[in-house]
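Trainee: Before anything else, here's the structure in question.
Taken together, the values in this text are just the output of simple stated rules run on the coordinates, not laboratory data. These figures come from a predicted structure and were not determined experimentally. Here the Cβ positions follow ideal geometry from the backbone for every residue, glycine too, while neighbour counts run over all protein chains shown.
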């Protein structure tokens, strides 16, 4: 039977691979299409998903070690996302997809190293009102979910798989 961390890592890789396949099929015009309600271009968001894997995994590892995530707010996340969008406005499809593949692989490898005991550890998470959340929940709600979340919005925007 597969270890829980392996299953989580496999799901993370599935989401990243689906996002990469979708991105590879986009036209140049679609790559530059802005997401409604978000305002960022699809290509920037593909790069964004890749760019935050290391941070998402680091925060999950913090919880896995029994330490709280403190000082992380939705305002700080919004500021980080806005800066990323500005700094990466001209990212190429090839660069973003390579970044996605490289960082999702590294994220999955890091997740696979977590034990069941570490996945079960909970500590307060400032981003969620200091709710005591498990490392597994954090992996699922951030690194694993992230590609699926943005991919659904991208598909709805450009109208294809």
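Trainee: Just to be sure I understand, how many residues within the stretch 1-11 are outside any loop (DSSP other than H, G, I, E, B) and either under 15 Å from the mean Cα position of the chain (by Cα) or touching a residue at least 24 places away in the same chain (Cβ under 8 Å) (or both)?
Mentor: The total comes to 7.
Trainee: Right, residue 30: more than 18 Å from residue 107 (Cβ to Cβ) and in contact (Cβ under 8 Å) with a residue 12 or more places away in the chain or not?
Mentor: Against the criterion (more than 18 Å from residue 107 (Cβ to Cβ) and in contact (Cβ under 8 Å) with a residue 12 or more places away in the chain), residue 30 qualifies.
Trainee: When you look at residue 14, is it free of Cβ contacts under 8 Å to residues at least 40 places away in the same chain, surrounded by 15 or more Cβ atoms within 10 Å (Cβ to Cβ), within 13 Å of the chain's Cα centre (by Cα) and within 28 Å of residue 114 (Cα to Cα), yes or no?
Mentor: Working: free of Cβ contacts under 8 Å to residues at least 40 places away in the same chain: yes; surrounded by 15 or more Cβ atoms within 10 Å (Cβ to Cβ): yes; within 13 Å of the chain's Cα centre (by Cα): yes; within 28 Å of residue 114 (Cα to Cα): yes.
Yes, satisfied.
Trainee: Further question: Report, by residue number, each residue of the stretch 39-75 that is under 27 Å from residue 155 (Cα atoms), assigned to a helix (DSSP H, G or I) and either in contact with a strand residue (DSSP E or B) (Cβ under 6 Å, 6 or more places away or on another chain) or free of Cβ contacts under 8 Å to residues at least 12 places away in the same chain (or both).
Mentor: Of everything in the stretch 39-75, those that are under 27 Å from residue 155 (Cα atoms), assigned to a helix (DSSP H, G or I) and either in contact with a strand residue (DSSP E or B) (Cβ under 6 Å, 6 or more places away or on another chain) or free of Cβ contacts under 8 Å to residues at least 12 places away in the same chain (or both) turn out to be 55, 75.
Trainee: Let me ask you something else. So, residue 36, is that one out of contact with any strand residue (DSSP E or B) (no Cβ under 9 Å at 6 or more places or on another chain), in a helix (DSSP H, G or I), exposed (fewer than 15 other Cβ atoms within 10 Å of the Cβ) and touching a residue at least 12 places away in the same chain (Cβ under 8 Å) or not?
Mentor: It is false that residue 36 is out of contact with any strand residue (DSSP E or B) (no Cβ under 9 Å at 6 or more places or on another chain), in a helix (DSSP H, G or I), exposed (fewer than 15 other Cβ atoms within 10 Å of the Cβ) and touching a residue at least 12 places away in the same chain (Cβ under 8 Å).
Trainee: Just give me the residues in the stretch 109-161 being more than 18 Å from the chain's Cα centre (by Cα), part of a helix (DSSP H, G or I) and under 27 Å from residue 25 (Cα atoms), in sequence order.
Mentor: Selection gives 156, 157, 158.
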